[in-house]
Amino acid sequence: MTVRRRLAYLPVALIMLVYLFPLAFLVNTALKSNGEFFANPVGLTHSLHFANFPLAWRKGDFGGYMLNSVLYTAVAAGVGTLISLLVGFPVARGYVRHPRLWQIVFVAMLFLPNALVTQFQLLLRLNLYDTRIGYILIMASGVGVGPLLVSAYVKSVPVELDEAAAMDGVGYWRYVLRFLPPLLKPVLSTVFILQAIGVWNDIIMATIMLPDQDKSPVTLGLFAFQGTYTSQWSLLAAATIIVAAPLLVAYVFLQRYLVASVVGSAVKG
């Protein structure tokens, strides 16, 4: 490897260090005993205390919280991805009036503030306040960048496929819901994981819309755990890793779709 190429990789290595160091520090803290952490907070652990993880799981009662978060994330992200598909596809193909105006609306949606008071009043009037279905519907409606990504990626799919399906007697809804998703798997996976991250990490909406602790997601469980064990840094680090682990695992399995989505959107976007 030439010197020039090594220098070219230097910025990449620095960026990786910036992103990986906090994660490595968190893992290192989670594997320490509390006494060892206070003796040397930034030093490497000398003995691996894996027992911190099951102990944090039991003390934080993360089992129920985790099930709630999995339910909220899977359903809300799935519904939000479906909404992005149903909205983004006809706009990309020009099957609706003023498609450029819709594109502007998609971009404007990214800069609009969250209408907490309006959403709170809406759930109250619909008798959905402090219910799982109400919280899921609110989180699913926050599609964010989803329609924009879908409409950009659809342009890489030949319009002749739409025409061939219509000639074969395939209806619009059957085509969109059955034939189109396999062709848009990369971008739909991207939209799903982006919305899943938002739902999984949410704490503000959950605090307002779900006062019942039995319905709380795992983020509120971690918040309560922090308040109880604020001085036990090793347990707190282990609990943080437990909460973040599902998203990290999901990213590992879906990262190839994220890359394919970016490449596909750039080809004809």
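The values are calculated or read from the model by the stated rules, or taken from the named source; none is laboratory data. Predicted model only: the values in this text are computed from it and were never measured. Note that we place each Cβ from the backbone using ideal geometry, even for glycine, and neighbour counts take in every protein chain shown.
Observations, loosely collected:
- Looking across Ala39, Ala24, Ala8, one residue alone is within 24 Å of Thr230 (Cβ to Cβ), over 23 Å from the mean Cα position of the chain (by Cα) and surrounded by 10 or more Cβ atoms within 10 Å (Cβ to Cβ). It is Ala39.
- So Ala224, is it under 14 Å from Ile136 (Cα atoms) and in contact (Cβ under 8 Å) with a residue 12 or more places away in the chain: no
- The set of residues in segment 1-58 that are among the basic types (Lys, Arg) and under 14 Å from Ile241 (Cβ atoms) contains only Lys32.
- Hits in segment 83-98 - residues which are over 29 Å from the mean Cα position of the chain (by Cα) and among the charged types (D, E, K, R): Arg97
- Long-range neighbours under 9 Å by Cβ, at least six apart or interchain, first residue among the aromatic types (Phe, Trp, Tyr) within segment 32-45, second not in a loop (DSSP other than H, G, I, E, B): Phe37/Thr29; Phe37/Trp233; Phe37/Ser234; Phe37/Ala237; Phe38/Trp233
Residues checked against (1) buried (at least 16 other Cβ atoms within 10 Å of the Cβ); (2) among the hydrophobic types (A, V, I, L, M, F, W, C):
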position	(1), (2)
Ser156	yes, no
Ala165	yes, yes
Leu180	yes, yes
Ile193	yes, yes
Val218	yes, yes
Leu236	yes, yes
Val252	no, yes
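- Applying the set (1) assigned to a helix (DSSP H, G or I); (2) buried (at least 22 other Cβ atoms within 10 Å of the Cβ); (3) under 15 Å from the mean Cα position of the chain (by Cα) to Ala140 leaves exactly one unmet item: (2).
- Whichever residue in segment 55-73 is small (Gly, Ala, Ser) and modelled with pLDDT of 90 or more and, among such residues, is surrounded by the fewest Cβ atoms within 10 Å (Cβ to Cβ): Gly63
- Applying the condition of being free of Cβ contacts under 8 Å to residues at least 12 places away in the same chain and not hydrophobic (A, V, I, L, M, F, W, C) to segment 74-109 and asking which residue is surrounded by the fewest Cβ atoms within 10 Å (Cβ to Cβ) yields Arg97.
- Among the candidates Leu180, Leu236, Leu222, residue that is within 30 Å of Tyr153 (Cα to Cα), in contact with a helix residue (DSSP H, G or I) (Cβ under 8 Å, 6 or more places away or on another chain) and of a type in the set (A, V, I, L, M, F, W, C): Leu180
- The condition of being under 18 Å from Arg93 (Cβ atoms), among the polar types (S, T, N, Q) and at pLDDT below 90 does not hold for Ser141.
- Scanning segment 154-185 for residues that are over 30 Å from Ile133 (Cβ atoms) and in contact (Cβ under 8 Å) with a residue 60 or more places away in the chain turns up Val154, Lys155, Ser156, Val159, Asp162.
- Single unsatisfied condition, Ile203 versus (1) crowded, with 20+ Cβ neighbours inside 10 Å; (2) within 30 Å of Ser33 (Cα to Cα); (3) under 16 Å from the mean Cα position of the chain (by Cα): (1)
- Any hit, segment 194-205, residues being in a loop (DSSP other than H, G, I, E, B), touching a helix residue (DSSP H, G or I) at 6+ places or on another chain (Cβ under 6 Å), among the charged types (D, E, K, R) and on the phi < 0 side of the Ramachandran plot: no
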